[in-house]
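Okay, structure first, notes after.
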Amino acid sequence: MTDSHFSRRTLLRYGAYGAGAAALAGTAASWDRLTGADIPGRDDGSLVVATLGPAYGPEAVRALSEGFKKVHPDIKLRINAVQAVDWSDFFAKILTQIAAGTAPDLVYVATEGVQLFAQRLGVALDHWVRRDAEELREYFADVHPSLVESMMYEGSLYQLPVEFNAADIYLNNQVLRRAGADFPASDWTRDDFTGLLRDMKKASGSQFTPYFWTNRLWGGVVPWLFANDTNLLAESKAPGGDWLWDSFYPADRRGGRGGGFRWTTPQATHDRVEEVYDYLASLIREDLCTRPEGGNGQNLIGVFSTGRVGVTPAGGFWAGGLSLAGMRPDGFDTQYFPRWRTQRMQFGAAGYALLRTSKRQEEAWEFIKYAARKDTLTQLFETNQTTPARRSMLTADRYRETGPRHWQVFYDTLDKFPDTGPIPAPPQVAEVEQVLLKHTGTALSSPRAVRPALRRMQRDLEKAMEREI
């Protein structure tokens, strides 16, 4: 049940949006790999695109390369599938390549790296977006503005999102039947969620865990913070962005949009943050969920598919992952994260960032546009290993073989909840996540540990946010 295809590629997305970003400063490979000295075509005039190796299989890379060549036969393309454990290991290798003077032209960047790359390494796409507005009009009409806004920094757009994953709730249908429980309503509450976990626990044995979650930025504590109308860091919007919103989105879809997100003052000791940790601590005391566990959830597929876990947060990537692991389409389903004070949810997205060091910026822009085309993404994401950023790609046919029944939840998390937002990922995200993971583990280690741990988290977050990147 831990098929290598699932564990390497789909689980990469399980940890893609916020998994271990503190490792950005680390290195774990030979110098040749880090500097790109072993990459064919480094100095042959190619446009070099760096992607996270396990995220795309060789067939997808081949399709991307061959398709781009047909459209742009005059541009020589090299896709460097960097082998890395997770996104943060990938970023560490890219940063080392840049320092060594062997940087690629384009880098596939997930949410936790957007502002880091934009602030220090990236090129704003505003000029090209304005120039090619007519060509891009169909793209923006097909992509939710929340995804686009998550790729903006201080008024400028740095990436065109091609995929995303929101933290929805996956439910094991076998466990629901065993507990005599109905599939939850779309507007279910935190109390409904707690009651469901209790029913599952009563109907199952001692080896059963109703709710499994992993201690990370994406899908860990943060979805509960959003549901309780708070965040790890104070959130606001940068000014600007009207040039994009007025050009591509109607008034009813651009309201409240800005020039990207700002995450600033730490608020770990806020009453609502304490409420979230108290709630999770109560679930642990009742033996309704696991203690926070690090990593990317690699062991979860087996225990979920065999009915030893009832519910877990995951994104659209898990639909394909569960299918590849042998789970039937009717064996699981998905619903929105439950409501607390709000039903705002979180997501992570990804797209290609153009580096300032590139000498082939026009060619790079042509690749960015090609990579965001519907036909291109259809080839890349045919196994449902992620959620396409393009709304029109989510259809009943796409999910007929893999499930889930309520596949509409994936994009409706944005369409029906337009305040759903990205995980908090300032340029200091590496330190922020390290602090979050460390003190979350401590806070939930014993009944009286919550408040002392949150005070230490607040202190360490303040230090992290004071650091200049």
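Going residue by residue through segment 96-104, is there one that turns out to be in contact (Cβ under 8 Å) with a residue 12 or more places away in the chain and either of a type in the set (Phe, Trp, Tyr) or within 29 Å of residue 140 (Cα to Cα) (or both)? The answer is yes, given that some residue of segment 96-104 is in contact (Cβ under 8 Å) with a residue 12 or more places away in the chain and either of a type in the set (Phe, Trp, Tyr) or within 29 Å of residue 140 (Cα to Cα) (or both). Is it the case that segment 410-419 has a residue that's out of contact with any Pro (no Cβ under 9 Å at 6 or more places or on another chain), part of a helix (DSSP H, G or I) and either at positive phi or among the β-branched types (Val, Ile, Thr) (or both)? Among the residues of segment 410-419, at least one is out of contact with any Pro (no Cβ under 9 Å at 6 or more places or on another chain), part of a helix (DSSP H, G or I) and either at positive phi or among the β-branched types (Val, Ile, Thr) (or both), which makes the answer yes.
In segment 395-416, the residues that are open to solvent by 50 Å² or more (accessible area, probe 1.4 Å) reach residues that are not in a loop (DSSP other than H, G, I, E, B) with C-beta atoms within less than 6 angstrom, at least six apart or across chains, in these pairs: 405/333; 406/333; 406/334. Go through the residues of segment 302-314 one by one and say whether even a single one is at pLDDT 95 or above, under 22 Å from residue 414 (Cα atoms), crowded, with 19+ Cβ neighbours inside 10 Å and over 20 Å from the mean Cα position of the chain (by Cα). No, because not a single residue in segment 302-314 is at pLDDT 95 or above, under 22 Å from residue 414 (Cα atoms), crowded, with 19+ Cβ neighbours inside 10 Å and over 20 Å from the mean Cα position of the chain (by Cα). Going by what's in this entry, would residue 424 be described as assigned to a loop (DSSP other than H, G, I, E, B) and open to solvent by less than 10 Å² (accessible area, probe 1.4 Å)? So residue 424 passes the test. Taking segment 288-397 and the helices (runs of 4 or more DSSP H) fully enclosed by it, the elements with 3 or more residues that are not assigned by the TED database to the domain that holds residue 101 are at 300-305, 317-324.
The set of residues from segment 176-207 being open to solvent by 50 Å² or more (accessible area, probe 1.4 Å) and of a type in the set (A, V, I, L, M) comprises just one member, 185.
Here is a yes/no grid of residues against (1) free of Cβ contacts under 8 Å to residues at least 24 places away in the same chain; (2) within 30 Å of residue 180 (Cβ to Cβ); (3) out of contact with any Lys or Arg (no Cβ under 6 Å at 6 or more places or on another chain):
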| position | (1), (2), (3) |
| --- | --- |
| 201 | no, yes, yes |
| 233 | no, no, yes |
| 244 | no, no, yes |
| 248 | no, no, yes |
| 251 | yes, no, yes |
| 259 | no, no, yes |
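Could you say whether any residue in segment 169-188 is under 30 Å from residue 380 (Cα atoms) and part of a loop (DSSP other than H, G, I, E, B)? Taking every residue of segment 169-188 in turn, none turns out to be under 30 Å from residue 380 (Cα atoms) and part of a loop (DSSP other than H, G, I, E, B).
Of everything in segment 221-258, what is farther than 23 Å from residue 153 by Cβ and in contact with a strand residue (DSSP E or B) (Cβ under 6 Å, 6 or more places away or on another chain)? Give them in sequence order. Answer for segment 221-258, where residues must be farther than 23 Å from residue 153 by Cβ and in contact with a strand residue (DSSP E or B) (Cβ under 6 Å, 6 or more places away or on another chain): just 223.
Among 466, 433, 401, which is the only one that is in contact with a Gly (Cβ under 7 Å, 6 or more places away or on another chain) and charged (D, E, K, R)? Can you show your working first?
Numbers: 466 fails: in contact with a Gly (Cβ under 7 Å, 6 or more places away or on another chain); 401 fails: in contact with a Gly (Cβ under 7 Å, 6 or more places away or on another chain).
Of 466, 433, 401, the one residue that is in contact with a Gly (Cβ under 7 Å, 6 or more places away or on another chain) and charged (D, E, K, R) is 433.
You will find that of 382, 462, the residue that is touching a strand residue (DSSP E or B) at 6+ places or on another chain (Cβ under 7 Å) and open to solvent by 60 Å² or more (accessible area, probe 1.4 Å) is 462 and no other. With respect to the stated conditions, residue 353 is at pLDDT 95 or above and over 19 Å from residue 59 (Cβ atoms).
Selection over segment 179-232 of residues that are under 28 Å from the mean Cα position of the chain (by Cα) and of a type in the set (D, E, K, R) gives a count of 6.
For segment 427-448, the candidate set comprises residues that are touching a residue at least 60 places away in the same chain (Cβ under 8 Å) and not in a helix (DSSP H, G or I); within that set, the residue that is surrounded by the fewest Cβ atoms within 10 Å (Cβ to Cβ) is 447.
Residues being over 20 Å from residue 432 (Cα atoms) and surrounded by 24 or more Cβ atoms within 10 Å (Cβ to Cβ): count how many of those fall in segment 208-226.
Our first condition is that a residue be over 20 Å from residue 432 (Cα atoms); within segment 208-226, this holds for 208-212.
So of that shortlist, the ones also surrounded by 24 or more Cβ atoms within 10 Å (Cβ to Cβ) come out as 210.
Number satisfying all stated conditions: 1.
Considering segment 67-154, the qualifying helices (runs of 4 or more DSSP H), each wholly inside and each with 2 or more residues that are modelled with pLDDT of 95 or more and hydroxyl-bearing (Ser, Thr, Tyr), run over 145-150.
The values are calculated or read from the model by the stated rules, or taken from the named source; none is laboratory data. Being a predicted model, the structure only gives us computed values, none of them experimental. Here Cβ is always computed from backbone atoms with ideal geometry, including for glycine, and neighbour counts include all displayed protein chains. These area figures cover heavy atoms from the full protein model, side chains too; ligands, DNA and RNA do not enter into them. Shrake-Rupley method; radii C 1.70, N 1.55, O 1.52, S 1.80 Å.
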